[in-house]
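Chemist: Let me begin by handing over the structure; questions about it come next.
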Amino acid sequence: MEFTFIDNNKDIDSDTRSLIRHRAAKGWNLGRKINRASRVKAFERQVPDKPSTTTGLGHVSTRTSHEDSKDMFHSRRDVEGVLPPVEPIIGDSVSILSLPIEVAQKDRVLLYDANISATHHITQVFRLINERISRGERITYPTMAVVMSLSSYESTRGRYDRGIIHLLGLYQMIEMRGGLDRIGSEKPEIMQKIYRADLDYALRLGSSPKLDIELFENTKTMARLAISPTSDLNIPFTTSDQRFREQLGTDLRVLWDSVAVLSRLVNEASAGERSKLPTTEFLRSHVWLGHKLLKYAPLSLSRSLNRSQSIAHLGLLTIISSFLCGLDRRVTENSILSKMIQMEASLESNGEDQELLLWLLFLGAAVILQDPSHDTWLIPKTWEIMQMLQLDTWGGMMGALSKFPWINDFYEKESLALYYRVSHYGGIQSAL
């Protein structure tokens, strides 16, 4: 067999790559070893004027001068083949991989390393960004994306007191870039991520969003899903109950119907009854709804709402929270929202609010109430309401919950687990 040396550090045509894959698939290369220089070192030889930025990331440049889009493209192309198959650069010399994150190639789960090296990574990113800003350089969109990544990283770690600092810095960058109007017209994808981060931190800190949602609504490029109730959509039964709708009031009733339509669209798409929802429009829709809900009533203790409004508002915010996953693709517990759900459960309620409160408890268990210690109050209260409503089967329970906005694929697993725990508790209580 004829052997041909292939230099992976140079351009390889498609035919040669196809041959490599063919031989690898046949196992012809099994057991063969080729001693060659490190590919990282070879890359460093090709780009001698680009020293490394952080420990373990010798492929990333420390140049902090602003670069145009052409330079950014070449920077991304240069590292191709040197790194694992993860998008390495988001546009300039600051890499998202400079965060202390390791990506498992099989399941793409993000793992966090809190050692000295990780701290050094973060410090280097801070230094690069601060140097760029202090020299009065023009703030680039890739730089803003890095700051958003830092805020997302801190929120995933549960350190919102640190993440809000990055977010406040991002707000200043927005003003330096000409405001949200300009960002929305030039980079709508950046704008929607900024609004998402603003919503996430407002939910976590119990405050109102700092950005004006009117700009989000008026931007022509920020198209959303059609979530206004229409005759061809089967809206859950409770939304058509006249007494309940009167208790909600005009503003909250519109938001309730919009979330109900969004939930129905997701359920139908999951069941294959309609085409898959566009990711971008879906993101914009639930971010817009979250902002509108917090504008209606922030998560604070001084809420001038009646009982039905308070329970419905908390439930809708819980649904929005289920869409706000962190970098690890998970929804972390919201301590403020958890406390407010517990507070609602502790209040005396009339018979009219029992189904609504049961819906809130199952939603909370599926999304927010992740600490096992919540079971000390959650299970007895859920059992009490189930007894009042005479719900003793899972089918009957789902019939009650389906009257309200509910996404089966998102909530069914955890809510079923709660039902089993409550049933076990009920069996013990009955035996006493």
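Chemist: Any residue that is part of a helix (DSSP H, G or I), modelled with pLDDT under 90 and among the polar types (S, T, N, Q) - is there at least one of those in region 219-229?
Modeler: So far as region 219-229 goes, no, none of its residues is part of a helix (DSSP H, G or I), modelled with pLDDT under 90 and among the polar types (S, T, N, Q).
Chemist: Identify the single condition in (1) surrounded by fewer than 16 Cβ atoms within 10 Å (Cβ to Cβ); (2) of a type in the set (A, V, I, L, M); (3) closer than 28 Å to Ser258 by Cα that Ala431 does not satisfy, given that it satisfies every other one.
Modeler: (3)
Chemist: Next question, about the same structure. With Lys403, Lys381 as the choices, which residue is out of contact with any strand residue (DSSP E or B) (no Cβ under 6 Å at 6 or more places or on another chain) and within 18 Å of Ile319 (Cβ to Cβ)?
Modeler: Of Lys403, Lys381, the one residue that is out of contact with any strand residue (DSSP E or B) (no Cβ under 6 Å at 6 or more places or on another chain) and within 18 Å of Ile319 (Cβ to Cβ) is Lys403.
Chemist: Within region 362-384, take every residue that is buried (at least 21 other Cβ atoms within 10 Å of the Cβ), among the aliphatic types (A, V, I, L, M) and touching a residue at least 40 places away in the same chain (Cβ under 8 Å) and give me the one that is nearest to Glu412 (Cα to Cα).
Modeler: Here the residue is Ala366.
Chemist: Suppose the filter is crowded, with 21+ Cβ neighbours inside 10 Å, of a type outside the set (Asp, Glu) and in a helix (DSSP H, G or I); does Leu299 pass it?
Modeler: Here the answer is no, as Leu299 does not meet what is asked.
Chemist: Counting only residues that are without any contact (Cβ under 8 Å) to a residue 60 or more places away in the chain and buried (at least 21 other Cβ atoms within 10 Å of the Cβ), which one in region 245-260 is farthest from Ser308 (Cα to Cα)?
Modeler: Ser258
Chemist: Further question on the same structure: What about Ser185, is it modelled with pLDDT of 70 or more, closer than 25 Å to Ile213 by Cβ, in contact with a helix residue (DSSP H, G or I) (Cβ under 6 Å, 6 or more places away or on another chain) and not hydrophobic (A, V, I, L, M, F, W, C)?
Modeler: So Ser185 does not fit the description; no.
Chemist: Look through region 303-325, keep the residues that are farther than 23 Å from Ser373 by Cα and of a type outside the set (A, V, I, L, M, F, W, C), and return whichever of them is surrounded by the most Cβ atoms within 10 Å (Cβ to Cβ).
Modeler: His313
Chemist: Sort out which residues of region 283-313 are of a type outside the set (Gly, Ala, Ser) and more than 15 Å from Leu199 (Cα to Cα), and write them in order of number.
Modeler: Listed by number, the residues that qualify are Leu301, Arg303, Leu305, Asn306, Arg307, Gln309, Ile311, His313.
Chemist: Checking Met343 against (1) surrounded by fewer than 23 Cβ atoms within 10 Å (Cβ to Cβ); (2) touching a helix residue (DSSP H, G or I) at 6+ places or on another chain (Cβ under 6 Å); (3) aliphatic (A, V, I, L, M), only one condition comes out false. Which one?
Modeler: Here Met343 clears every test but (2).
Chemist: Working only within region 343-380, note down all residues that are part of a loop (DSSP other than H, G, I, E, B) and β-branched (Val, Ile, Thr).
Modeler: Matches in region 343-380: Ile368 only.
Chemist: State all residues of region 400-415 that are part of a helix (DSSP H, G or I) and under 24 Å from the mean Cα position of the chain (by Cα); if no residue qualifies, say none.
Modeler: Once the filter is applied, which keeps residues that are part of a helix (DSSP H, G or I) and under 24 Å from the mean Cα position of the chain (by Cα), region 400-415 yields Asn408, Asp409, Phe410, Tyr411, Glu412, Lys413, Glu414, Ser415.
Chemist: Is it the case that some residue within region 342-363 is within 20 Å of the chain's Cα centre (by Cα) and closer than 22 Å to Thr156 by Cα?
Modeler: yes
The values are calculated or read from the model by the stated rules, or taken from the named source; none is laboratory data. Keep in mind that what you see is a predicted model, and the values were worked out from it rather than measured. Note: ideal-geometry Cβ built from the backbone for every residue, glycine included; neighbour counts use all protein chains shown.
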